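A.B. asks: Questions regarding the structure given below will be posed in turn.
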Amino acid sequence: MRNQTLSLFRKEPMAKSSTRPQIIRTRRPSNSDGDGNHVNNQILLSLPNSEREIVFDSLEFVRLSANQVMHETGDTLKSGYFCDSGIISILSVFSDGKSVEVGLVGKEGFLGLPLIAGFRTAGTRATAQIPGAAFRVDSDKLAVLLRQCPTLERKLHQFSQIMTMETTQIAACNRLHEVEERLGRWLLMCADRVGTSSLPLTQELLAQMLGTRRSSVTVAAGILQKAGLITYTRGNVSIVNRTKLESAACECYELMQRQAKAWQRSPG
Ligand SMILES: [Zn+2]
């Protein structure tokens, strides 16, 4: 991992050159940790008790800072992360330094999906866009867990398929849909994952995520704000009329929601 700036929930000095997240504590099978923090990750919460006990023994609770690079394209994946809060962006990066977001991971998911297939390197960049926390698992331990815990393995494969579906849709969206439609779609996806309508997002970040110019984001945010769908201040976007924002967003949001829900209704 590069430029890693993970910090502890507890106020302890943070090593500037640290390249690995610092451990807070090993978790026990419960919906809350020793510090009173609830487990929000939906994959972990879905595990039967028999597996949860095994899995939690291998997890470390770490905080994710804003803009923290979790991994770069080509990096060796030393760990996987069950995202518990905040948002991790999956980015496609080009040789000229430009990047565009192709996926989002929140409390519903897991970062490090190549590990599930036995691959050990990252195919994309991942950064924490909205600060939060995650349960980290060492790659080697995860390989063992996947053999021991069939529900964990199935849930991670299912999430992998949902991410593939979303990435495919977002790729088409980035090519075909207008900036204000994509901004609406992206804000809704973020709000779903953090569970709040107020999002700590800068204009620069929005432009980077949408793969467009900052001036285009300013115009798009202005259109949505003027229509009474969002309020936008420096460093914060709030959704004030979600129903109308869903209508203003491109169809991609609804398509992804519908497909994910259809799969989640399936047995397993
Ligand atoms: Zn779209």
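The values are calculated or read from the model by the stated rules, or taken from the named source; none is laboratory data. As the structure is a prediction and not an experimental result, all values here were calculated from the model. Positions of Cβ are backbone-derived with ideal geometry, glycine not excepted, and every protein chain shown enters the neighbour counts. Note: areas computed on protein heavy atoms with side chains; ligands, DNA, RNA excluded. Shrake-Rupley method; radii C 1.70, N 1.55, O 1.52, S 1.80 Å.
A.B. asks: Leaving out ligands, DNA and RNA, and with a 1.4 Å probe, what % of the accessible surface on the chain is carbon or sulfur?
C.D. replies: 49
A.B. asks: If you don't mind, another one. Given contacts defined as C-alpha pairs under 8 Å and at least six residues apart, what's the relative contact order of the range 164-268, whole-number percent?
C.D. replies: With pairs under 8 Å counted, the relative contact order is 33 percent.
A.B. asks: Using a Förster distance of 51 angstrom, determine the FRET efficiency expected from the C-beta separation of LYS226 and SER266, and round it to 0.05.
C.D. replies: That gives a FRET efficiency of 0.80.
A.B. asks: Please give the length that would be gained between ARG120 and VAL144 if that part of the chain were fully extended, namely 0.36 nm times their separation in residues minus their C-alpha to C-alpha distance (nm, one decimal).
C.D. replies: Taking ARG120 through VAL144 to full extension adds about 7.2 nm, to one decimal.
A.B. asks: Would you work out the relative contact order for the range 200-239, in percent, from Cα pairs under 8 angstrom that are 6 or more residues apart?
C.D. replies: Across the range 200-239, relative contact order equals 42 percent.
A.B. asks: Hey, another quick one. Explain nothing, just the number: relative contact order of the chain, from Cα pairs under 8 Å at least 6 residues apart, as a whole percent.
C.D. replies: Answer for the chain is 17 percent.
A.B. asks: Sticking with this one: Using a basic spin-label model with each label point 7 Å from the Cα along Cα→Cβ, how many nm lie between SER50 and SER160?
C.D. replies: 2.3
A.B. asks: Here's a follow-up. Would you pull out the residues with amide H under 5 Å of SER79's amide H, same chain only if 5 or more places away, H placed 1.01 Å from N?
C.D. replies: Amide H to amide H, under 5 Å and 5 or more residues apart or across chains, SER79 pairs with SER139.
A.B. asks: What's the center-to-center distance, using Cα atoms, between the range 190-237 and the range 63-86 in Å?
C.D. replies: 23
A.B. asks: Starting from the Cα of VAL240, step 7 Å along the direction of its Cβ; do the same at ALA171; then give the gap between the two resulting points in nm.
C.D. replies: The two pseudo-label positions are separated by 3.8 nm.
A.B. asks: By what distance, in whole Å, do the Cα atoms of the chain stretch along each of the three principal axes, largest value first?
C.D. replies: Each principal axis gives a Cα extent; for the chain these are 51, 47, 38 Å.
A.B. asks: Sort 104-113, 214-223 by packing, meaning the average of other beta carbons within 10 Å per residue, with the highest value first.
C.D. replies: 104-113, 214-223
A.B. asks: How large is ³J(HN,Hα) for each residue in the range 92-104, as worked out from phi by the Karplus curve 6.51 cos²θ - 1.76 cosθ + 1.60 (θ = phi - 60°), to whole Hz, x for Gly and Pro?
C.D. replies: Ordered by residue, 3J(HN,Hα) equals 8, 10, 10, 5, 7, x, 5, 8, 9, 6, 10, x, 10 Hz.
A.B. asks: Which of the peptides 134-141, 229-236 is most tightly packed, and how do the rest follow, judged by the mean count of other Cβ atoms within 10 Å per residue?
C.D. replies: The peptides rank, most packed first, as 134-141, 229-236.
A.B. asks: Would you pull out the residues with amide H under 5 Å of LEU104's amide H, same chain only if 5 or more places away, H placed 1.01 Å from N?
C.D. replies: ILE90
A.B. asks: Let me make sure I get this right: for the range 125-249, a, b and c are the square roots of the gyration tensor eigenvalues over alpha carbons, sorted descending. Under 1.5 in a/c it's rounded, otherwise prolate if a/b > b/c, else oblate. Which is it?
C.D. replies: prolate
A.B. asks: In the chain, what is the count of Lys pairs whose alpha carbons are under 15 Å apart, counting only pairs at least 8 residues apart or on separate chains?
C.D. replies: 4
A.B. asks: On to the next question. Which residues' amide hydrogens lie under 5 Å from the amide hydrogen of THR124, considering only partners 5 or more residues apart or on another chain, with H built in the peptide plane?
C.D. replies: It is GLY74, by chain and number.
A.B. asks: Rounded to the nearest 0.05, what FRET efficiency do GLU153 and ARG258 have when you use their Cβ-Cβ distance and R0 = 22 Å?
C.D. replies: 0.25
A.B. asks: Could you check the spin-label model distance between THR196 and ASP96? Points 7 Å from the Cα along Cα→Cβ, value in nm.
C.D. replies: Rounded to a tenth, the inter-label distance reads 3.7 nm.
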